[in-house]
Amino acid sequence: MDWKLEGSAQKTESHVLQEQEGILEDTGEDGISESFQLLQIDVECELQEGETLPTGSAVWCSKNVQRKQRHWEKIVAAKKSKRKQEKERRKANRVENSGICPQHSKRFLRSLTKEKLLEAKHSGPRLCIDLSMTHHMSKKELSRLAGQIRRLYGSNKKADRPFWICLAGFATDSPLYEECLRMNDGFSSYLLDITEEDCFSLYPLETLVYLTPDAEHALEDVDLNKVYILGGLVDESIQKKVTFQKAQEHSVKTARLPIQEYMVRRQNGKNYHSEILAINQVFDILSTYFETQNWPEALKKGVSSRKGYVLQNSVE
């Protein structure tokens, strides 16, 4: 009879200990003290129920529970110490980086970017990408153009003084639009204007300035009253003066970037020199100049050494 009672008590105790271990695993830092209270209550209840047991069995259960409880206390103490160290590490990182880059939530940064872009729509400089010449482009060329649009938009989002961008002559059922959706995450949510209308019918002609490397006059400044047009054209066959001729057909003013005024040709093995830039590179130059009012600094950012040009003061 004593053997049955002792076995029953041991079985009950094992079941209680398993439940207590489950409570410990599922309980966070805030519930650790509560878990201990539950454990202590369970132990007291177990001992009270075991009062009818023989003295030997009761003593054996008490020692076993105490040993288990000391083991749980060590585990909980180790977890608390680890959490405390992690909190201190994160706090030290925040203090260290506070003077370099304030910590903001992603939601706050998205809201700030949206606010700046919408402000540019009403009072910022305007840029129009002429996408009416894409019908003769190959799949590879369309993919490259879609990538340039993504990089251009990404640079504009990061700018302190962004432009308001319009993609003109851009049909939503065109191959380029499908390529933009495929290559550019969130393209349908870009904060910019998309229209099938031609850029020459969207704005008064006297406000337009078509930026083309074939123009005679260099761009001197970024005027808030002007709309600057970039030809969305990736042509591996390098057809010359396509955008320049299109601007002349509509009697629109043209301008080129002041590469010749601030940069010089540098000798290279291929003897290659080109002022033809991708639309995102042209935008980086315009955006940097608008913020710094410094053409050399702006050109340095957008014209890579592979084009065969360097700043005048960098020539040895």
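The values are calculated or read from the model by the stated rules, or taken from the named source; none is laboratory data. A quick note: this is a predicted structure, and the numbers were derived from the prediction, not measured. Cβ placement follows ideal geometry from the backbone for every residue including glycine, while neighbour counts extend to all protein chains displayed. Accessible surface areas use protein heavy atoms only, side chains included; no ligands, DNA or RNA. Shrake-Rupley method; radii C 1.70, N 1.55, O 1.52, S 1.80 Å.
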Between the modelled labels at Tyr272 and Glu291 (7 Å from Cα along Cα→Cβ) the distance in nm is 2.9 nm
The answer for the range 106-257, accessible area per residue at 1.4 Å probe in Å², is 55 Å²
Taking only protein heavy atoms and a 1.4 Å probe, the highest-to-lowest accessible-area order of Thr207, Thr292 is Thr292, Thr207
From most to least accessible, 1.4 Å probe, no ligand or DNA/RNA atoms counted, Leu109, Leu219 line up as Leu109, Leu219
Rounded to one decimal in nm, the spacing of the 7 Å Cα→Cβ label points at Asn64 and Ser123 is 7.8 nm
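How much FRET efficiency would the formula 1/(1 + (r/R0)^6) give for Ala92 and Ser189, where r is the Cβ-Cβ distance and R0 is 30 Å, rounded to 0.05?
Plugging the Cβ-Cβ distance into 1/(1 + (r/R0)^6) gives 0.20.
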Packing-ranked peptide list from 221-231, 70-80, highest mean Cβ count within 10 angstrom first, is 221-231, 70-80
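Pulled fully out, how much extra length does the chain show between Asp221 and Glu73, if you take 0.36 nm times their separation in residues and subtract their Cα-Cα distance?
The span from Asp221 to Glu73 would gain 46.1 nm if fully extended.
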Flagged as over-length at 22 Å C-alpha distance, from Lys114/Lys158; Lys157/Lys301; Lys226/Lys253; Lys106/Lys158; Lys82/Lys106; Lys116/Lys307, the pairs are Lys82/Lys106; Lys116/Lys307
Scoring the range 106-257 by relative contact order with C-alpha pairs under 8 Å, at least six apart, yields a percentage of 31 percent
Measuring from its Cα centre, the range 106-257 shows a charge dipole (+1 at each Lys and Arg Cβ, -1 at each Asp and Glu Cβ) which, in debye to the nearest 20, is 800 debye
Of 138-150, 171-183, ordering from highest average Cβ density within 10 Å down gives 138-150, 171-183
Relative contact order as a percentage, the range 198-311, C-alpha pairs under 8 Å and 6+ apart, gives 28 percent
If unit charges are put on Cβ atoms (+1 for Lys and Arg, -1 for Asp and Glu) and the dipole of the range 162-293 is taken about its Cα centre, the option from Asn268, Pro162, Tyr289 lying farthest towards the positive end turns out to be Asn268
